[in-house]
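Data block below; observations after.
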Amino acid sequence: MSSKIGATKLARTADARELASDFGGIFSKTPRRILTARAGLEKKIGEATRRQQELSVRGAGHSCMGQSLSRDVLLASYRPEAARVRQLDDRRFEVDSWASWDQVERALNRADRTFPVLTDYLALSVGGTLSVGGIGLNSLRAGLQIDHVESIELVTPSGQRLTCDRDRNRDYFELALAGLGQVGWIERVILRTSRLERYTSVSRRRHESISEMIDFIEFVTSADCAVQHYSGFILNDVIASEFGAFGEHRNQLAELSAIWPSTTQLGIFEDYPFVMEQRRRAWLAQYPDSVRLWTDYVFPIEQARAFGAYMEERLRDREVSEFAKAIYVLVISRQAAAVPFALAPTSGSGTYVGFGWYNMVSRWDPLKIETARACLKAVLGQCIALGGRPYLYGFNELDEQQRTLIYGEPWRRLSELRSASGWQGFNAHAFK
């Protein structure tokens with residue numbers, strides 16, 4: 001039984017243990033009290049802030065450095081079974097933030113719609129990925145998930161409810177999306193969707209080097225190229241790109257065989273986002289006893305080649321290659337009219353390349369965990385030196401100087417807002 005204590009409920013032992021760790025598995029914090037996501041929590045959130053309680057928001061817990069953990073109050077914001085997906089018109093859908101992307105995409109598909117950008121793992125909360133940006137295969141043409149959000153219902157740490165979009169409360173709109181919950185809890189969103197194409201063609205090309213992969217990325221990002229989705233990977237000494245198109249665009253890809261003769265067609269897949277998810281689950285299952293020191297580094301395409309060369313050098317280190325199990329590459333193209341979200345993994349419009357550094361280390365090997373942490377600190381330093389940004393779900397040990405260097409005036413403005421409003425305890429571990 002749970003007994004009511006002030007603004008929250010005492011955490012039952014089983015619930016608390018389940019919510020004590022995240023995807024990374026490095027850190028553990030057992031919450032004393034748990035709030036369950038639902039409409040109308042603004043009073044409880046505001047009361048926790050006034051009491052100077054630490055309150056963290058946790059979606060599916062896909063953070064890697066304890067960002068979604070708390071020893072005090074935890075808002076458990078992942079309840080697909082209780083979430084609503086409501087169609088507003090031919091294009092727009094209203095969605096509770098505690099829904100899963102799997103649930104949302106299946107609901108959209110029943111209406112012959114799809115969300116323009118999906119991550120390759122769908123058992124994530126809508127609010128969670130929108131709080132870091134959201135990158136996927138279709139980012140090649142469609143940008144970030146947050147580029148397809150029309151508006152949000154935001155509950156600030158003070159308990160104030162705000163509707164935010166390009167026109168209303170725009171400062172909060174720019175700070176909330178991809179903002180790691182620093183200005184409040186995203187309760188509900190209105191999403192803009194696209195027409196569903198059931199079938200996706202997929203081809204693969206192997207590369208001799210990361211530099212050659214960057215050559216290919218420069219080709220697929222050109223305006224006259226028919227490629228609509230892209231991912232690349234470095235896995236078991238194989239460097240490769242996977243790419244393709246949807247619906248009627250599939251036949252246009254024949255040109256690639258002439259330009260890139262070593263291209264292999266993998267096939268045409270129905271409902272490809274769900275196929276991709278099964279592939280990712282199967283790969284993860286190979287590392288059941290590992291902690292995950294994962295993160296991504298995102299660069300303007302002009303700097304991607306320099307980081308690729310640095311990455312090749314680091315991977316030659318046998319010790320590093322033992323825990324760097326895969327590098328995952330995605331391309332993000334954002335339009336000139338894109339909202340300049342303050343803490344997003346991209347700094348504005350343009351074309352970017354993201355390198356996901358996926359370290360797997362045995363949870364029973366603390367020395368190797370520390371070695372991996374030291375490696376990531378060095379890579380983060382190189383990322384910043386080259387003008388890149390880390391993807392904030394990941395394992396990024398940023399200090400205050402680095403945060404100010406990366407995010408500039410918006411970070412200073414955010415810090416002043418949190419200090420003046422007494423919000424320091426709300427999602428306090430987002431950057432720690």
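The values are calculated or read from the model by the stated rules, or taken from the named source; none is laboratory data. Just so you know, these numbers come straight off a predicted model, no measurement behind them. Counting neighbours? That spans all protein chains shown, and the Cβs are built from the backbone with ideal geometry, glycine included. To get the accessible areas, we keep the full protein, side chains included, count just its heavy atoms, and leave off ligands, DNA and RNA. Shrake-Rupley method; radii C 1.70, N 1.55, O 1.52, S 1.80 Å.
Per-structure values
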| quantity | calculated |
| --- | --- |
| Whole-Hz ³J(HN,Hα) from phi, Karplus 6.51 cos²θ - 1.76 cosθ + 1.60, for region 43-56, glycine and proline x | 5, 5, 5, x, 5, 4, 5, 5, 7, 6, 7, 6, 10, 10 |
| Note, ³J(HN,Hα) from phi for region 214-230, Karplus 6.51, -1.76, 1.60, rounded to Hz, x at Gly and Pro | 5, 4, 5, 4, 4, 5, 6, 8, 5, 4, 8, 8, 7, 5, 10, 9, 8 |
| Acute angle (nearest 10 degrees) that the helix 301-315 long axis makes with the longest principal axis of the chain, alpha-carbon atoms | 90 |
| Cα coordinate range in region 12-72, projected on the principal axes (Å, largest first) | 32, 22, 21 |
| Rounded to 5, percent antiparallel among DSSP beta bridges of the chain | 90 |
| Under 5 Å, built H, 5+ apart or other chain: amide partners of Gly143 | Ser333 |
| For Ser131, residues with placed amide H under 5 Å, excluding near neighbours | Ala178 |
| Cα shape, region 261-405, gyration tensor, a/c 1.5 rule | oblate |
| Cross-link pairs beyond the 23 Å C-alpha cut-off, checked among Lys325/Lys368; Lys29/Lys325; Lys44/Lys432 | Lys29/Lys325; Lys44/Lys432 |
| Cα→Cβ-extended label distance, 7 Å offset, between Ala223 and Glu416, nm | 4.0 |
| The chain, accessible area per residue, ligands and nucleic acids excluded (1.4 Å, Å²) | 42 |
| Cα-based convex hull, the chain, per residue volume (Å³, whole number) | 136 |
| Amide proton proximity set for Ile239, modelled H, under 5 Å, gap of 5+ | His207 |
| Mean residue ellipticity (222 nm) of the chain, computed from DSSP H runs ≥ 4 via -39,500 (n - 2.57), nearest 500 | -9000 deg cm²/dmol |
| For region 319-334, Karplus couplings with θ = phi - 60° (6.51, -1.76, 1.60), whole Hz, Gly/Pro x | 5, 5, 5, 5, 10, 7, 6, 7, 10, 10, 10, 10, 10, 10, 10, 10 |
| Residues Arg170 and Arg281, FRET efficiency given R0 of 51 Å [Cβ-Cβ distance, rounded to 0.05] | 0.85 |
| Projected label distance in nm at Ala309 and Gln382, using a 7 Å step from Cα toward the beta-carbon | 1.2 |
| Estimated distance in nm for a label pair at Glu212 and Ser321, the labels positioned 7 Å out from Cα along Cα-to-Cβ | 1.7 |
| Sulfur and carbon atoms: percent of accessible area, region 339-426 [1.4 Å] | 54 |
| In range of the label at Arg363: residues from region 280-316 whose backbone nitrogen is under 13 Å from the point 7 Å along Cα→Cβ | 287-293 |
| Charge-dipole axis of region 58-185 as Lys and Arg at +1 and Asp and Glu at -1 on Cβ define it, positive-most pick from Gly179, Pro157, Asn169 | Pro157 |
